[in-house]
Amino acid sequence: MEKVTIIDLVKKKGREKIVMVTAYDYAFARLVDKAGVDAILVGDSVGMVMHGLKSTLPVSMDDMIHHVKAVVAAKPRALVIGDMPFLSYETSIEDAIRNAGLLVKAGAEAVKLEGGIEMADRVKAIVNAGIPVMGHIGLTPQRYLRFGGYRRRGRRIEEAKKIIEDAKALEEAGVFAIVIEFTAAEVAKAITEEVNVPTICIGSGPYCDGQVLVLHDILGLYEEIPSFAKKYADLSKIVIEAISQYAYEVRNELFPSKEHYFTMKEKDRKLFLKE
């Protein structure tokens, strides 16, 4: 099957739901791609799910470049989108272009950044530099301190209007798609109807042009997951059982058995033992 491009995603708007999943390494990128997703987001959520950080704020450009390279090594058919970490684009237009370029040089085929109207000039500059940009509005985790936590967005009329204005500003700036996170479903629906680019929801209802979830939530690698996520497997239980069985067999001298190792040829063995 042919490589997925941003044009393919844009064409899906209003016709076919877009499926996006996060991945952060070679092994899972291969599996996610084999499952047939449209896009792989190398998210800054890597800081929390892979490195045990309390938020995405400490994630650096070096971190993101490292994980983008690992995902790209899997040569996925899906579109690979690299997240721009905190303070990699807010400080200046020049920084925004430079850091977006570094992610592309690492293999990303597009970048994602958080923010609405206030980030429109960064989006426009990056797009003008030839790099596709995915927007991200509603709950923007890099600004969770300002919101007083990971709070629902768009429940009140003024906030809802602001989020819609953000979406329109991003479309005008040139984004090819917009992630809407933890926002009232009515607001996400209105945005989806009013912009010409695909919207991809996470915790914002069924009315967007697609959905995205964090891989570790889907696989059940942690006991607690966000209220808007769905656990499709309990992989943590499978992993614990497998390693516990391995530990039992090692301690009871059941592993390795004969099929897991080899011995010398008889002639060489006799000489070796003699020497």
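Key figures
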| item | result |
| --- | --- |
| Tail fraction, Cα-Cα pairs, segment 90-158, threshold 16 Å, whole percent | 52 |
| Relative contact order %, segment 17-93, counting alpha carbon pairs below 8 Å whose residues are six or more apart | 36 |
| Around Gln142: net Lys/Arg minus Asp/Glu count, Cβ-Cβ under 10 Å | -2 |
| Difference of contour (0.36 nm per residue) and Cα-Cα distance, Ile157 to Arg143 | 3.0 nm |
| Charge sum, other residues only, whose C-beta stays under 13 Å from Ala184's C-beta, Lys/Arg counted +1 and Asp/Glu -1 | +4 |
| Under 17 Å from Lys237, Cα to Cα: aspartates and glutamates that are on another chain or at least 8 residues apart | Asp217, Glu223, Glu224 |
| Virtual spin-label span in nm between Ala35 and Ser236, 7 Å along Cα→Cβ | 1.7 |
| Hydrodynamic radius of segment 42-104 per Kirkwood, over alpha carbon pairs, in Å | 12.1 |
| Long pairs among Lys11/Lys189; Lys11/Lys230; Lys124/Lys168; Lys34/Lys69; Lys13/Lys168; Lys12/Lys69, criterion Cα-Cα beyond 20 Å | Lys11/Lys230; Lys12/Lys69 |
| Cα-projected label distance for Gln245 with Glu165, points at 7 Å along beta-carbon direction, nm | 5.9 |
| Ala110 long-range amide H proximity, modeled H, under 5 Å | Gly82 |
| Length-normalised contact order for the chain - Cα pairs under 8 Å, 6+ apart - percent | 15 |
| Net charge, Lys34 excluded, C-beta distance under 12 Å - Lys, Arg +1, Asp, Glu -1 | +2 |
| Order by protection proxy (mean Cβ within 10 Å, highest first), peptides 54-60, 111-117 | 111-117, 54-60 |
| Highest-first arrangement of 6-14, 39-47, where packing means the average Cβ count within 10 Å | 39-47, 6-14 |
| From phi via Karplus (6.51, -1.76, 1.60), per-residue ³J(HN,Hα) for segment 75-83 in Hz, x at Gly/Pro | 6, x, 6, 5, 5, 9, 10, x, 6 |
| Under the Karplus curve 6.51 cos²θ - 1.76 cosθ + 1.60, θ = phi - 60°, whole-Hz ³J(HN,Hα) for segment 239-251, x wherever Gly or Pro sits | 4, 4, 4, 5, 6, 5, 5, 4, 4, 4, 5, 5, 5 |
| Cβ crowding within 10 Å averaged over residues, with 156-165, 88-97 ranked highest first | 88-97, 156-165 |
| The chain: angle of helix 185-194 to the longest principal axis, Cα-based, in degrees nearest 10 | 70 |
| Structure-derived Rg and Dmax of the Cα atoms in Å - corresponding label in (i) 17.5, 52; (ii) 22.7, 88; (iii) 18.8, 55 | (ii) |
| Cα-projected label distance for Glu94 with Glu194, points at 7 Å along beta-carbon direction, nm | 3.6 |
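Values quoted throughout were computed directly from the atomic coordinates according to the rules given, and no laboratory measurement underlies them. All of these numbers come straight from a predicted model, not from anything done at the bench. Please note: Cβ atoms are built from the backbone with ideal geometry, for glycine as well, and neighbour counts cover all protein chains shown.
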